[in-house]
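Visitor: Following this message is one structure expressed as structure tokens.
Bear in mind these aren't lab numbers, they're just calculated from the coordinates by the rules spelled out. Note that this is a predicted model, so its numbers are computed, not measured. Here the Cβ positions follow ideal geometry from the backbone for every residue, glycine too, while neighbour counts run over all protein chains shown.
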Amino acid sequence: MLMHVIHMGHDVFKANDKLAEKNRKNLDKHGIFAVNVMGAIGSGKTTLIEEAIKHLKDRYRIAVIAGDVIAEMDASRFRKLGVPTVPANTGKECHLDAKLVENALKEIDLENTDLLLIENVGNLICPVDFKLGEHLRVVAVSVSEGDDIILKHPMIFKTAELAIINKVDLAGAVDADPEKMHEDILSLNPDVPVLLTSKHDWESLETWIGFIEIGLMKAKEGKSN
Ligand code: MG
Ligand code: ZN
């Protein structure tokens, strides 16, 4: 984050914010609900997105922007589920920005999309500063990152609209306390919903998927108004 401030200055953030607003208007025009999934490498972003696709694709038309470092690798995982996927190659950058998303949107059939899932690059720092035009900012964190990870990265948790503590089934094995992590998140952002999830626990995934569905319904209402 500091690096960006020094090398780019605030104009870059302003320009990005403007473009993010433009993306948002474009998405709204088409009644699309867009979710930006942020989190470190290994936090389980790809799996959370895959689970959402599996359980929503029969009812909603889904597209994915895969912006992880090895974007093509995750993109093929999403394509296997039968959803159109655009890999966003960030080059050397460690985050997605609104320009990359604007370009990716050109490759998506917006008329025939209800839900856009965006996997950001695995990083807990600079994605915070780059809005994409999304409706929901999600941060995923794995217990395997250690239960002190949250207080080390306060900004992403302060600005998140949904926080997911993932891989909670591994907590004992990695000696992490998910409840401490939960409390740390609330100490930074008292109003943010926090979900504790594991890919081996369907009920926990249902809460994540339900969260997306509420947004989808709101986006549809917005379009019909
Ligand atoms: Mg991934
Ligand atoms: Zn970056």
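Visitor: Could you check the simple spin-label distance between residue 14 and residue 158, using points 7 Å along Cα→Cβ, in nm with one decimal?
Guide: 2.2 nm
Visitor: Could you give me the ³J(HN,Hα) list for the stretch 154-163, computed from phi with Karplus coefficients 6.51, -1.76, 1.60 and θ = phi - 60°, whole Hz, x at Gly and Pro?
Guide: x, 5, 5, 7, 5, 9, 6, 9, 7, 10
Visitor: How many percent of DSSP beta bridges within the chain run antiparallel, rounded to 5?
Guide: Values: 1 of 27 bridges.
The answer is about 5 percent antiparallel.
Visitor: Let me ask another. Using label points projected 7 Å from each Cα along Cα→Cβ, tell me how many nm separate residue 200 and residue 81, to one decimal.
Guide: 2.1 nm
Visitor: Would you mind checking the pairs 14/57; 152/199; 45/92; 14/106 and listing those with alpha carbons more than 31 angstrom apart? Please list the in-between numbers first.
Guide: Working: 14/57 35 Å; 152/199 25 Å; 45/92 20 Å; 14/106 22 Å.
Among 14/57; 152/199; 45/92; 14/106, the Cα-Cα distance tops 31 Å for 14/57.
Visitor: Follow-up. Kindly identify the stretch 146-225 as rounded, prolate or oblate by the Cα gyration tensor criterion: order the square roots of the eigenvalues as a ≥ b ≥ c, call it rounded if a/c is under 1.5, otherwise compare a/b with b/c, prolate if a/b is larger, else oblate. Walk me through the intermediate numbers first.
Guide: Values: a/c = 3.60, a/b = 1.55, b/c = 2.32.
In terms of gyration-tensor shape, oblate.
Visitor: Pick from 121, 83, 37: which is most flexible by mean-square fluctuation in a GNM of the chain where alpha carbon atoms under 10 Å apart are linked?
Guide: Per the Cα network of the chain with a 10 Å cutoff, 83 tops the list.
Visitor: Near residue 54, which aspartates and glutamates are there with a Cα under 14 Å away, not counting those fewer than 8 places off in the same chain?
Guide: Excluding near neighbours in sequence, the set is 206, 213.
Visitor: Between residue 22 and residue 61, what is the FRET efficiency for a Förster distance of 35 Å, r being their Cβ-Cβ separation, to the nearest 0.05? Please list the in-between numbers first.
Guide: Details: r = 22 Å, r/R0 = 0.64.
Computed FRET efficiency for residue 22 and residue 61: 0.95.
Visitor: Gain in length, residue 183 to residue 148, computed as 0.36 nm per residue apart minus the alpha-carbon separation, to one decimal in nm? Please report the intermediate quantities before stating the final value.
Guide: Details: separation 35, 0.36 × 35 = 12.60 nm, distance 1.12 nm.
Working it through step by step, the gained length comes to 11.5 nm.
Visitor: Quick one: if you stick a label point 7 Å off each Cα along the C-beta vector at residue 29 and residue 170, how many nm between them?
Guide: 4.2 nm
Visitor: State which helices in the chain qualify, where a helix is a whole DSSP H run, it must extend 20 Å or more along its own axis by its Cα atoms, and its mean Kyte-Doolittle hydropathy must be at least -0.5. Don't skip to the end; give the middle numbers.
Guide: Details: long enough: 10-29 (29 Å, -1.68); 202-224 (33 Å, -0.15).
The qualifying helices are 202-224.
Visitor: For the stretch 1-128, just say rounded, prolate or oblate: build the C-alpha gyration tensor, square-root its eigenvalues into a ≥ b ≥ c, call rounded for a/c under 1.5, and beyond that prolate if a/b exceeds b/c, oblate if not.
Guide: Oblate, since a/c reaches 1.5 and b/c is not below a/b.
Visitor: May I ask you to compute the full-extension gain from residue 106 to residue 73, defined as 0.36 nm times their residue separation minus their alpha-carbon distance, rounded to one decimal in nm?
Guide: On the way: separation 33, 0.36 × 33 = 11.88 nm, distance 2.13 nm.
This chain segment gains 9.8 nm when fully extended.
Visitor: Provide the three semi-axes, in whole Å and in decreasing order, of the ellipsoid equivalent to the chain as defined by the square roots of 5 times the Cα gyration tensor eigenvalues.
Guide: 25, 22, 16
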